[in-house]
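The values are calculated or read from the model by the stated rules, or taken from the named source; none is laboratory data. Small disclaimer: the values here were computed from a predicted structure and weren't measured. Note that each Cβ is placed from the backbone with ideal geometry, even for glycine, and that neighbours are counted across all protein chains shown. Heads up: the accessible areas ignore ligands, DNA and RNA and are worked out on the full protein's heavy atoms, side chains in. Shrake-Rupley method; radii C 1.70, N 1.55, O 1.52, S 1.80 Å.
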Amino acid sequence: LVLLGLNPPFVRFDVKNNGTVIPQFNIGNAFQESSSSVQPSIFSTSGGLPNPYLQQWNVSIEQPVDGSLFMTLSYFGQKGTRLRRQINLNQPSVGPTALLDDRRPFPTFKNIFQFETSASSSAHAAEIRAERRLRAGLGFVAAYRFSRSIDDATLISILPQDSHNLRAERGLSDFHMKHGLVFSTSYNLAARRLIKGWQVQTIGSLQ
């Protein structure tokens with residue numbers, strides 16, 4: 001499938017290879033009309049484009065410590081399948097800079113950007129939570145989470161470092177957060193004349 005609205009003759013997207021020592025173009029000539037002999041870049045989608053989907057699961061165990069304090073231990077899991085990403089089917093193979101276009105799989109084009117739903121992700125997290133219900137004027141909730149998120153295509157707008165070796169893209173997600181701590185407390189001030197009915201609250205987040 002081809003995205004007609006992003007391709008010739010409606011749009012022409014030209015890629016120019018700059019020189020490694022002496023620039024071949026600058027701000028003065030970079031926007032001049034290119035020769036029709038310059039290979040165009042095109043955008044496409046893969047022939048099969050199944051919908052992405054996400055699976056989630058979790059399990060928790062709660063145990064009272066005393067009449068007002070409760071502890072909860074939880075596990076969370078998540079798996080993303082057929083996630084969206086963009087690759088360059090015509091990315092040059094490794095070699096000398098001067099022969100950049102000669103090393104493209106399809107030499108009659110520059111870049112061939114293809115949208116796919118072929119990426120995946122997985123995430124796991126363990127969390128411990130403590131909650132003290134309001135007693136003697138004091139109550140709090142605190143939760144610490146240890147997690148790990150892995151994928152091979154976090155952002156669809158970011159191209160792989162090597163579109164011919166997509167396995168090399170698998171690593172920690174851009175939004176991966178290994179440690180996270182959130183807490184909140186509330187304390188009822190002593191019932192004195194000036195502060196009667198007042199309460200002090202704190203909320204915090206560390207990650």
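So, in Å, what gap is there between the alpha-carbon centers of the stretch 47-83 and the stretch 125-199?
Taking the Cα centre of the stretch 125-199 as reference, the centre of the stretch 47-83 is 14 Å away.
Considering only protein heavy atoms, with the full assembly of protein chains and a 1.4 angstrom probe, order 42, 203 by accessible area, largest first.
Greatest to least solvent exposure: 203, 42.
Applying the Karplus parametrisation 6.51 cos²θ - 1.76 cosθ + 1.60 with θ = phi - 60° to the phi angles of the stretch 123-137, what ³J(HN,Hα) value in whole Hz is obtained for each residue in order, glycine and proline being reported as x?
8, 9, 8, 10, 9, 10, 10, 10, 9, 10, 5, 4, 8, 6, x
Please give the peptides 48-54, 76-82 ranked by average Cβ packing (other Cβ atoms within 10 Å per residue), highest first, as a rough proxy for protection.
So the order, starting with the most tightly packed, is 76-82, 48-54.
Taking the stretch 163-207, which chymotrypsin sites (Phe, Trp or Tyr not before Pro) meet the DSSP loop condition and have no more than 14 other C-beta atoms within 10 Å?
Answer in residue order: 175, 198.
Heavy atoms only, probe 1.4 Å: what % of the accessible area of the stretch 128-180 goes to carbon and sulfur, would you let me know?
55
Quote the accessible area belonging to residue 62 in square angstrom, nearest 10, computed with a 1.4 Å probe and with ligands, DNA and RNA left uncounted.
120
Going 7 Å from the Cα of residue 60 in the Cα-to-Cβ direction, what parts of the stretch 75-99 have a backbone nitrogen less than 16 Å from that spot?
75-77
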